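Data block below; observations after.
The values are calculated or read from the model by the stated rules, or taken from the named source; none is laboratory data. Everything quoted here is computed from the prediction, not taken from an experiment. Ideal geometry is used to build each Cβ from the backbone, glycine not excepted, and the neighbour counts take in all protein chains shown.
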Amino acid sequence: MANDGGVWVKLEDAGSSAPAGAAVINDAASNYDNKDAGVTIDGKTYDIYTFTTATTTRSMFLTDEARARITDEDLLMAVATTELPADFTGDLVELFDEKYRNQLRNAFEITPAADPGLSLTVDTPGLVDLLVIGGGGGGSTSVGGVYNGGGGGGGGFLEEMDCYLPEGNVPVVVAAAARQMTTGNYSRVGPYVAYGGGRGGNSQSGGGSDGASGGGNMRAMADQGNDGSVGVGWPGGGGGAGTAASQYTGGDGKESLITGTPVSYAAGGNGLGSGENGDPNTGNGGYGGAAGTEGNKGGSGIVIVRVEI
């Protein structure tokens with residue numbers, strides 16, 4: 001794709017003005033976490049830039065003391081599924097139904113937003129290879145039943161060769177880990193976006209609950225993930241980048257060879273499990289919570305840019 005007066009257009013529409021060679025990256029002006037220089041893969045030599053530090057939004061969480069004393073499952077569900085508006089400055093209890101407010105006084109702690117300012121500065125526009133992995137979805141919290149927390153979907157998997165990057169500063173975003181019961185965050189390089197995995201479903205009966213799709217919120221995004229399974233008597237698994245979920249087992253991740261070493265990303269979370277968070281920088285979905293337990297966090301994303309030299 002090319003940047004035409006601030007509007008992204010497809011590379012094939014950019015005509016002869018779009019260079020066919022590799023982009024030239026300005027190391028000093030870029031902000032990345034790691035660079036592997038001069039890596040030979042299939043007879044070609046590359047510099048490989050890896051971005052792993054996540055951008056986080058301002059968020060609210062229950063304090064440890066509040067978690068210990070609050071046993072109302074409906075209230076815990078309300079907290080798990082309520083997002084903190086970015087510009088909200090009032091008392092956090094105002095975000096909840098009046099019947100909960102007394103229980104929630106002084107119950108929250110705030111995690112401030114953090115932006116590492118990741119970027120890639122392109123001195124000469126041209127082509128790069130990209131791997132962009134969105135954040136895995138959070139597993140569902142178990143309430144009111146047995147093993148009824150659905151697994152979170154794996155993050156979106158976007159791997160493209162010969163992607164055009166224009167001259168200048170190209171912003172990079174790495175998806176932060178999603179807490180339980182929340183949709184995964186997106187990762188991006190300029191206009192190339194990998195969506196977050198869906199959050200695990202939840203049932204307040206003893207029956208099964210649905211697993212989430214990978215690479216999207218309600219259903220799998222085209223070419224970025226697969227569907228979660230429908231819980232019928234069991235908690236559904238989350239869809240993965242490689243395969244759809246099967247009953248309570250999350251779908252498989254998908255393998256990338258962009259660094260020359262095979263690594264699997266964006267697996268779906270199982271429909272039940274204790275302490276099975278998605279690993280950092282994998283985009284794996286979080287497992288659903290077992291009876292009486294919270295769901296598990298989705299794994300943060302990752303961005304890898306490979307430039308031929």
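Can you give me the number of residues within segment 165-196 that are part of a strand (DSSP E or B), small (Gly, Ala, Ser) and touching a Phe, Trp or Tyr at 6+ places or on another chain (Cβ under 7 Å)?
Residues in segment 165-196 being part of a strand (DSSP E or B), small (Gly, Ala, Ser) and touching a Phe, Trp or Tyr at 6+ places or on another chain (Cβ under 7 Å): 2 in total.
Based on what the data block shows, is residue 154 under 30 Å from residue 25 (Cβ atoms), in a loop (DSSP other than H, G, I, E, B) and modelled with pLDDT under 95?
Yes: the conditions hold for residue 154.
Output the residues belonging to segment 245-300 that are among the aromatic types (Phe, Trp, Tyr) and under 16 Å from the mean Cα position of the chain (by Cα).
The answer is 265, 287.
State which residue pairs qualify: first residue closer than 17 Å to residue 50 by Cα and not assigned by TED's automatic domain parsing to the domain that holds residue 158 and inside segment 248-268, second residue among the small types (Gly, Ala, Ser) and in a loop (DSSP other than H, G, I, E, B) in any location, beta carbons under 6 Å apart, and separation of 6 or more residues or different chains.
none
Would you be able to say whether some residue in segment 171-191 is surrounded by fewer than 21 Cβ atoms within 10 Å (Cβ to Cβ), more than 11 Å from the chain's Cα centre (by Cα) and at pLDDT below 95?
Yes, segment 171-191 contains at least one residue that is surrounded by fewer than 21 Cβ atoms within 10 Å (Cβ to Cβ), more than 11 Å from the chain's Cα centre (by Cα) and at pLDDT below 95.
For segment 47-87, which residues satisfy the criterion of being over 19 Å from residue 99 (Cα atoms), touching a residue at least 40 places away in the same chain (Cβ under 8 Å), of a type in the set (A, V, I, L, M) and out of contact with any Phe, Trp or Tyr (no Cβ under 7 Å at 6 or more places or on another chain)?
48, 54
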